[in-house]
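Here is the structure we will look at, set down as C-alpha cells.
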Amino acid sequence: MSVLPSSQQQIVFLLLGLAATVALIGVSILISLSEISFAAARDVRLRSRAEAGDPRAVAFLKLRRNSGQVITVLQICLNAVGVLGGIISESMLSDPIAAGFRSMGTSPALASKLGSACSFMLITGLFVLFADLLPKRIAMNAPDRIALKVGWFPAIALKVLYPAVLVFSKISDWLLKLLKIPAAATVEPVTPEDLRAILAAGTASGVLLEEEHQMIQNVLGLQDRAVTSAMTPRDEIVFLDVQESPESQRDKVRVRPYSRYPLCDGGLDKVIGSIRAEDVLVAVVDEPQPKSTGLTTIASQIFRMRRDVLSLPDTLNLWETLAQFEAHSAGFALIVNEYGLVVGLITYKDIMGALMDGLVSPFEEQAIVRRDDKSWLIDGAAPIGDVIRELDIPMFDDAQNFDTVGGFVMNRLRRMARKADSVQSSGFRFEVVDVEGFRINQLLVTRLN
C-alpha cells in the first residue's frame, strides 16, 4: 500500500479542512438567517401571505407557535457547529499551516504555535464575517422574506434533534421554575405612544406619506378629544322656535342655511325635536300661508314635520360620539350637560373636520397659524391636544379640566380672561389678544428664551 509523502498529506489535510470549514460556514449561515428572521418576522404580513395560500407562511406560523423548541434546536446546532469548527481548526488546519512555516525555516516549536494561532484566527474570522455578521444583517433587512426561504431548516432540525430538544427544554424549564423566572415571556400591550413612534418611523423611512401619517394621528386623536372640543357652542347654535313668527324663521333659514335645525318651544332648553331645512322652506318660503291663518297654522305645520333629535352627554369623546351616530343612523346631536342644559351641537361634519385637521384646504382658515420660529396666533377654541402637538410641549397634568387652549388660559388665570392677560407654562407665554364676551377669541403664543 502506497503512502503519500508528508507534504502531499499536509496539502490533502489543508484542502479537507477548508472544505469542512466551508460546509460548517454554510450550516452556520442557515442558523443565523433562521435565528434572526424567526425573531424579527412580522406576524401580520405572514398571516396575510398564509391567508393568500402560501404554504411556506403557513408552515412558518405553525413553527412559530413552538418558539421555545425552535430556539433550543437552533442553539444546539449553533454550539455544535462552533465545537466542530474548533476541532477542524486544531486537527486539520494547524498542522498544514505549521508545516508551511517549518518549510520557511521556522523552528518546529514556533511553527507549531504559529500554525495553531493562524488556524484559530482564520476559522474565527471566516465564521464571524460569513456565518455571523453578513447573514444577520441580511436577515434584519428583510426578515419576512428570509423567514419564508429558510423556514425549512429549523423544521428539519427540530425533527432530527427532537429527543435532545425535549431533554434540554425540560431541564431549562425546571431551572427557570427553580429560579422563579417565568418560562414564557409576558406580552406587553402596544400603547398609543408605541404606535405613534412606529408611525413616525414609517414616515421617516418613506413608507407613509406625511398626509397619511397626519390622518392616522387624527384618527387616534379622536379618543383623546372631548366632544365639547369640536361642537358648536350654545351661543352659536341656530335653532327654530315654534313660537317665532314666520318671518323670523324665514330669515334664519335664508341667512344661516344648514341642513338641520333644532326645533324648540320657547328656547334652546326646551327642544322638541329637529327639522330639515327643506321642510322649513316648504312651510315658510315656498308655500307662504295666508295672513288669516296666522302664526298658529305655520307653527303647527312645522311641528308636524319635526323629527327626533339625538342628545348626548358632554362627557363623551369624539370616537364615542361617532359610534353613537353610527348606532342611531344620525349625523346631528345636541350636547347636554349633567344638569340637562344644552351646551352645544355637533354634526357628522364636525367630526370629519377633526379627522381632516391638518389636511384641509389652504384656503380655509386655520386655528393655529405659525408667525415665525417663536410665535403663533391661535384661536381660543383650538383643541388643546392640537396645540400641544404643534408647540411640541408635554401634556399638562390637568388637561382633563379643559378642552381648548382658551379653557387652559382661564384655568390658569382662575377667572374670566381679559385682553392683554397672559400666563406662562412649559416655556411659552399665552397672551390674550381678543375677547368677545366671556370667550377668548385669539391668543398670541410666544416661545420664551
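The values are calculated or read from the model by the stated rules, or taken from the named source; none is laboratory data. Since the structure is predicted, the reported quantities are computational estimates derived from the model, not experimental observations. All Cβ positions, glycine included, derive from the backbone under ideal geometry; neighbour counts span all protein chains shown. For accessibility, only protein heavy atoms count, side chains too; no ligands or nucleic acids. Shrake-Rupley method; radii C 1.70, N 1.55, O 1.52, S 1.80 Å.
Expressed as a whole percent, the accessible area of the range 32-83 that falls on carbon and sulfur atoms is 57 (1.4 Å probe).
When only C-alpha pairs under 8 Å and at least 6 residues apart count, what is the relative contact order of the chain, in percent? Kindly include the intermediate steps, with their values, before the conclusion.
On the way: 566 pairs, mean separation 49.5, N = 449.
For the chain, the relative contact order is 11 percent.
Round to a whole number: what % of the accessible area of the range 396-449 belongs to carbon and sulfur, probe 1.4 Å?
Working: 1340 of 3060 Å².
Using a 1.4 Å probe with all protein chains present, the range 396-449 comes out at 44 percent carbon and sulfur.
Treating each Cα of the range 1-139 as one equal point scatterer and applying the Debye formula with no solvent, the log10 of I(q)/I(0) at q = 0.11 Å⁻¹ comes out as -0.56. Positive-end ranking of 157, 245, 181 along the dipole of the range 146-273, with charges on Cβ about the Cα centre, is headed by 157.
Pair-distance distribution of the chain: all C-alpha pairs, bin width 10 Å, starting at 0; shares per bin in whole percent are 4, 13, 16, 14, 13, 12, 10, 8, 5, 3, 2, 1, 0, 0. The label-point distance for residue 167 and residue 400, in a model that sets each label 7 Å from Cα toward Cβ, rounds to 5.8 nm.
Do the sum for the chain: with -39,500 (n - 2.57) for every DSSP H run of n ≥ 4, divided by all residues, what is the mean residue ellipticity at 222 nm, to the nearest 500 deg cm²/dmol? Write out the running numbers ahead of the final one.
Numbers: 19 runs with 235 residues, N = 449.
Per the formula, -16500 deg cm²/dmol.
Note that the range 130-283 presents 62 Å² accessible area per residue, ligands and nucleic acids not counted, probe 1.4 Å.
Accessible surface calculations at 1.4 Å, restricted to protein heavy atoms, place the range 337-449 at 58 Å² per residue.
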